[in-house]
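The values are calculated or read from the model by the stated rules, or taken from the named source; none is laboratory data. Computed from a prediction, not measured in an experiment: that's the story for all the values here. Note that each Cβ is placed from the backbone with ideal geometry, even for glycine, and that neighbours are counted across all protein chains shown.
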Amino acid sequence: MDLSLFIAKLIAVVYVAVGLGMLLNMKYYQKMMKDVMKSSAVAFYGGMFALAIGFLLVTYHNFWVADWTVIITILGWAALVKGALLVLIPGPFMKFAKVFVKYMWFAPVFALILGLVLGYFGFFVY
């Protein structure tokens, strides 16, 4: 449980900060995403980073249980898959990601809610 609490706190701080940053500066983040999609090097390194983080989470926190800690496991698998797709098939994945920019309002809301949920469990429940 200590590992789950640490990861929940870490993800909470990052997701709340990113979620708020995106909500407050949406045009900046939309431009940044468009710039990222133009740079194959940034996409590759982003994929490597997601692959590494996903691998770490799946290796050390692969807990398929019926409580809040499964959120961390799901995020780990999502990061692993995203990283693998960015490294293995970057062209098709980046075409798919262009759709994301159109619906980018969803990302900060999702990040903020997920950050607040994990922050609640990580900082206040245990």
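Quick notes on this structure:
- Complete set of residues in region 5-14 that are closer than 15 Å to residue 53 by Cα and either acidic (Asp, Glu) or surrounded by 15 or more Cβ atoms within 10 Å (Cβ to Cβ) (or both): 7, 8, 11
- Exactly one residue out of 69, 73 is closer than 18 Å to residue 11 by Cβ and touching a residue at least 60 places away in the same chain (Cβ under 8 Å): that is 69.
- When residues of region 15-38 are limited to those that are surrounded by 12 or more Cβ atoms within 10 Å (Cβ to Cβ) and of a type in the set (Ser, Thr, Tyr), the one nearest to the chain's Cα centre (by Cα): 15
- For region 112-126, filtering for residues that are within 18 Å of the chain's Cα centre (by Cα) and β-branched (Val, Ile, Thr) leaves 2.
Yes/no per residue for (1) surrounded by 14 or more Cβ atoms within 10 Å (Cβ to Cβ); (2) hydrophobic (A, V, I, L, M, F, W, C); (3) at pLDDT 90 or above:
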position	(1), (2), (3)
92	no, no, no
101	yes, yes, no
121	yes, yes, yes
124	no, yes, yes
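- Checking each residue in region 4-43 for being in a helix (DSSP H, G or I) and farther than 28 Å from residue 58 by Cα picks out 23, 24, 26, 27, 28, 29, 30, 31, 32, 34, 35, 38.
- Within region 83-119, the residues that satisfy the criterion of being in contact with a Phe, Trp or Tyr (Cβ under 8 Å, 6 or more places away or on another chain) and free of Cβ contacts under 8 Å to residues at least 40 places away in the same chain are 83, 85.
- Of all residues in region 38-58, those that are modelled with pLDDT under 95, closer than 25 Å to residue 74 by Cβ and among the aliphatic types (A, V, I, L, M) total 1.
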